[in-house]
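Comments concern the structure below.
The values are calculated or read from the model by the stated rules, or taken from the named source; none is laboratory data. Remember, predicted model here, so these are calculated numbers, not experimental data. In this analysis, Cβ positions are derived from the backbone assuming ideal geometry, glycine residues included, and neighbour counts consider all displayed protein chains. These accessible areas exclude ligands, DNA and RNA; they are computed on the full protein's heavy atoms, side chains included. Shrake-Rupley method; radii C 1.70, N 1.55, O 1.52, S 1.80 Å.
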Amino acid sequence: MATVILTIYYSGFLHDQMTGFYRSKYKDILGNEKYMASTQFEALDARRAFPCVDEPARKAVFCLTLQIPSTLQCFANMPEKS
């Protein structure tokens, strides 16, 4: 079996629905309204974030690169590769 590497350059947007990759708002400790980017990848929701096959029987390994300003923080529930 051969190893294949497929690279797709994709640009999307954050929406306000609670599926895929979406924008959430919250209040900080001073009561100021803030926004954050969140994910919800249940069932078919990963397809709403980026082009992919999201089938439990066909799990894939993928890398995701985020470019964020140095003034912001990014958190994940998986180990950071680099």
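Miscellaneous remarks
- In a reduced charge model with +1 at each Lys and Arg Cβ and -1 at each Asp and Glu Cβ, the chain shows a dipole moment near 60 debye about its Cα centre.
- Restricting the chain to trypsin sites (Lys or Arg not before Pro) that sit in a DSSP loop and have at most 16 other Cβ atoms within 10 Å of their own Cβ leaves 59, 81.
- Whole-number percent relative contact order across the chain, with pairs defined as alpha carbons under 8 Å at least 6 apart: 19 percent
- Note on residue 81 and residue 7: their simple-model spin labels are 1.2 nm apart, each label 7 Å out from Cα toward Cβ.
- For residue 49, the residues whose amide H sits under 5 Å from its own are 21, ignoring neighbours fewer than 5 places away on the same chain, with H placed 1.01 Å from N.
- Principal axis box of the chain, alpha-carbon based, largest edge first, Å: 56, 28, 22
- Loop-located chymotrypsin sites (Phe, Trp or Tyr not before Pro) in the chain (DSSP state other than H, G, I, E, B) with a sparse environment of at most 16 neighbouring Cβ atoms within 10 Å: 9, 10, 13, 41, 62, 75.
- Per residue, the range 1-66 exposes 94 Å² of solvent-accessible protein surface, assessed with a 1.4 angstrom probe and all protein chains in place.
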